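Chemist: Here's a structure for you.
The values are calculated or read from the model by the stated rules, or taken from the named source; none is laboratory data. Please read all numbers here as calculations on a predicted model, not as lab measurements. Don't worry about glycine lacking a Cβ; one is built from the backbone with ideal geometry, like all the others, and counts go over all protein chains shown.
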Amino acid sequence: MDFLVSEWMGKPFWMWKGFLLIVLMLLAFDLGVLNRKDKEMGVAQSLWLSAFYIAFAMLYGAGIWWAYEVGELTTSDGTHAGIAYFTGFFIEKALSIDNVFVISLIFGYFAIPRRYQYRALVWGIIGVILLRGIMIAAGAALVQQYSWVLYIFGAFLIATGIKMLVVPEGEQDISKNPVVRFMRKHMRVTDELHGQKFFVRQMDATTGKNLAFATPLFLALAVINIADLIFAVDSVPAIFAITTDTFIVYTANIMAILGLRALYFALAAMVHRFHYLKYALALVLVFIGGKIFWNQMVGKLDPAISLGVTALIIAAGIFVSLWKTRGQQPESC
């Protein structure tokens, strides 16, 4: 039983095992209970399920706060660890909202009906859990070995934020995506959907053999996971700029993404109303990146101030977006 108390990336193994068990239980609940039958998720169900995930994430954050304070799991106090978790969660949640537009474009390009989209999104989170884990582990190793990497993260966040502020967004053409082109060239893909199946066996017109074919639902799933990986290039450095505690970085990331899958169906129809959120996110990235240099040149910024400023900017972006677009009708999806 020594492996239960042994450490992995600075934390006892039981903490990692416990968190992954919670994630697996939530995914099993999604796939085995809520999405056992193919059906379209309504806005009301989407909002209720999202509220559940957000409440669960808040309770988990409170648990981290308590565990770090009472259990003495880290050299920093529980308040610092708890605030770092919530700050990372809010940033990741806001950045994930910006991903909804791209996800809706992907589903639209592959003509995936709404009743199949949720299953693809839930299975997609499994890939995200693995990909984010790899990226965060690599980032943690770099920061531990070369502390100056944080300055690169900070400069990257500032540059990304400024680019978001001054460079207009271009139209995205999924058909020109290199991943889509590669898969269509090197994989056998059916022309039509086969329900919720990712792969089917059917007769190959070229060889006359019964072979495995990928369906458009699998292509959509693969492209969504690649898009998640690209978005992580922004979000992972952002949370490392808040804390270098790998456990908090990973759990805050995954908790935010889990809830996005539920919230997608409410946001997809009104994503056009969050236009000004982009500018709020840009300011958050600049603020978080600048905080790294502030901490070294002036003095460590109070984590509570960092959380307050982050939450205020994001809330302002959401409020201004909804106020400026009031009266607009939801787009069909």
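Chemist: Between Val286, Val298, Val309, which is surrounded by fewer than 16 Cβ atoms within 10 Å (Cβ to Cβ) and out of contact with any Leu (no Cβ under 6 Å at 6 or more places or on another chain)?
Modeler: On the way: Val286 fails: surrounded by fewer than 16 Cβ atoms within 10 Å (Cβ to Cβ); Val309 fails: surrounded by fewer than 16 Cβ atoms within 10 Å (Cβ to Cβ).
Sole residue among the options that is surrounded by fewer than 16 Cβ atoms within 10 Å (Cβ to Cβ) and out of contact with any Leu (no Cβ under 6 Å at 6 or more places or on another chain): Val298.
Chemist: Among the residues of region 120-132, are any over 25 Å from Phe29 (Cα atoms), part of a helix (DSSP H, G or I), of a type in the set (A, V, I, L, M, F, W, C) and modelled with pLDDT under 85?
Modeler: no
Chemist: Consider region 133-165. How many of its residues are assigned to a helix (DSSP H, G or I) and more than 23 Å from Val284 (Cα to Cα)? If you could, list the steps in order and put the result at the bottom.
Modeler: If we filter region 133-165 for residues that are assigned to a helix (DSSP H, G or I), which is where we start, we get 133-145, 149-165.
The next check asks that each one be more than 23 Å from Val284 (Cα to Cα); those that pass are 133-134, 137-138, 141-142, 144-145.
Total meeting the criteria: 8.
Chemist: Answer with yes or no whether Ile129 is out of contact with any Phe, Trp or Tyr (no Cβ under 7 Å at 6 or more places or on another chain), over 24 Å from Ile22 (Cβ atoms), of a type outside the set (S, T, N, Q) and in contact (Cβ under 8 Å) with a residue 40 or more places away in the chain. Write out each step before concluding.
Modeler: Values: out of contact with any Phe, Trp or Tyr (no Cβ under 7 Å at 6 or more places or on another chain): yes; over 24 Å from Ile22 (Cβ atoms): no; of a type outside the set (S, T, N, Q): yes; in contact (Cβ under 8 Å) with a residue 40 or more places away in the chain: yes.
No; evaluated as a whole, the condition is false for this residue.
Chemist: Have a look at Lys163, Lys176, Lys197, Lys185 and point out the one that is surrounded by fewer than 14 Cβ atoms within 10 Å (Cβ to Cβ), at pLDDT 85 or above and not hydrophobic (A, V, I, L, M, F, W, C).
Modeler: Numbers: Lys176 fails: at pLDDT 85 or above; Lys197 fails: surrounded by fewer than 14 Cβ atoms within 10 Å (Cβ to Cβ); Lys185 fails: at pLDDT 85 or above.
Matching residue, one of Lys163, Lys176, Lys197, Lys185: Lys163.
Chemist: Would you point out the residue of region 14-68, among those that are of a type in the set (Val, Ile, Thr) and modelled with pLDDT under 80, that is surrounded by the fewest Cβ atoms within 10 Å (Cβ to Cβ)?
Modeler: To start, the set of residues in region 14-68 that are of a type in the set (Val, Ile, Thr) comprises 22-23, 33, 43, 54, 64.
Still in the running and modelled with pLDDT under 80: 33, 43.
Values: Val33: 8, Val43: 14.
Out of the qualifying residues, it is Val33.
Chemist: Taking region 180-202 as the region of interest, how many residues are assigned to a strand (DSSP E or B) and in contact with a Leu (Cβ under 8 Å, 6 or more places away or on another chain)? Can you show your working first?
Modeler: Filtering region 180-202 down to residues assigned to a strand (DSSP E or B) leaves 189, 199-202.
Adding the requirement that they be in contact with a Leu (Cβ under 8 Å, 6 or more places away or on another chain) leaves 189, 201-202.
Adding up the residues that qualify gives 3.
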